[in-house]
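Written out below as structure tokens is the structure these notes cover.
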Amino acid sequence: MGRAWILCKKMFSLTLVFNALLTIACCVGILAGFYWYYSGWNPFAPYLVNGNLLWFAIAAAAINIFPSALLGRKLHTGRFLFHHYFYGFLVMASAVIYVVLFTSVPLTTIFLVNNTSPEVNVGRFFLLGGLTLLLDDLPDVSKRIESGLNHIKAGANRMRKVIVAAQVVTGAFSLYIFAAVCAAMLTIPEWVTPANLILVFTVLITGVTAFIFVKRKAWNNLIVNGEENSH
């Protein structure tokens with residue numbers, strides 16, 4: 001039972017990291033249309049007052065990644081043959097090959113183009129999944145990376161009040177974006193699409209998670225040196 005609970009918590013940690021990456025990917029795709037593809041387009045207007053507000057959701061997701069990954073790194077899950085980052089690289093490499101060979105979308109713009117075909121979405125899913133595994137195990141890739149991450153954590157520890165304030169602000173805007181997109185879909189049924197449903201779900205999780213981390217004082221629990229290796 002204890003082992004199963006640890007694995008469940010590890011999966012929960014990976015899911016939060018994946019959700020953060022998914023939020024970033026969804027918002028980047030909309031911003032690409034806002035800036036480059038559709039002149040004069042304001043997404044989800046008038047409920048979302050300005051498309052630039054999507055940057056707040058991106059920031060909230062980026063801030064959430066570290067405490068989300070830290071939840072999993074505290075657990076002793078062991079490893080199957082290799083470190084998790086090896087499987088992350090393997091999944092990402094396979095996804096890159098798949099995108100190049102079996103989709104019509106260039107790899108460099110796969111998260112920017114408005115293409116929701118199943119084959120493209122499969123490529124996106126596995127790219128994000130591989131990156132999730134890599135980020136989860138990033139300190140184990142090399143001692144230099146681990147040292148660099150510890151340096152970043154030391155800086156974050158000194159600036160944690162600023163980071164917490166940023167997490168509150170960006171989390172609040174994420175929830176506003178969730179409400180705005182929901183209102184837009186309720187008003188215009190044509191906007192009820194799988195892509196927009198994924199957007200509202202992932203942004204909601206990002207916003208709620210931001211406030212949970214603030215409430216649990218996640219940034220007060222940084223381990224700068226001597227972090228236990230859970231893999």
Discussion item. Using a 7 Å offset from the Cα along the Cα-to-Cβ direction at both Leu90 and Phe12, what is the distance between the two label points in nm, to one decimal?
Written reply: 2.8
Discussion item. Only helices at least 15 Å long along their own axis, judged from Cα atoms, and with Kyte-Doolittle mean hydropathy of -0.5 or greater: name those in the chain from DSSP H.
Written reply: 2-32, 54-73, 84-102, 118-136, 160-187, 194-215
Worksheet entry | Length released on extending from Ile198 to Lys143, taking residue separation times 0.36 nm less the Cα-Cα span | 16.1 nm
Response to the item:
In this structure, the FRET efficiency calculated for Leu101 and Ile188 from their beta-carbon separation, with R0 = 30 Å, to the nearest 0.05, is 0.20
Fill in: Neighbour cut-off at most 14 other Cβ (10 Å), DSSP loop, chymotrypsin sites (Phe, Trp or Tyr not before Pro), the stretch 1-69
Tyr38, Trp41
Practice prompt. Based on alpha-carbon positions alone, could you give the equivalent ellipsoid semi-axes of the chain from the gyration tensor, as √(5λ), descending, whole Å?
Written response: 31, 23, 16
Item to complete: May I ask you to derive the FRET efficiency for Trp41 and Ala156 from their Cβ-Cβ distance with R0 = 45 Å, giving the value to the nearest 0.05?
Response: 0.80
Worksheet item: Of Val28, Phe102, Ala62, whose Cα points farthest to the positive end of the dipole of the stretch 10-220 (charges on the beta-carbon: +1 Lys, Arg; -1 Asp, Glu; origin at the Cα centre)?
Response: Ala62
Discussion item. If I model a spin label at Asn220 and Val28 as a point 7 Å from the Cα along the Cα→Cβ vector, what separation in nanometres do I get?
Written reply: 3.4
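Read-outs: derived from the displayed coordinates by stated rules, not from any lab. Fair warning: this is a prediction, and the values are worked out from it, not measured in the lab. Glycine also receives a Cβ, built like all others from the backbone with ideal geometry; neighbour counts cover every protein chain displayed.
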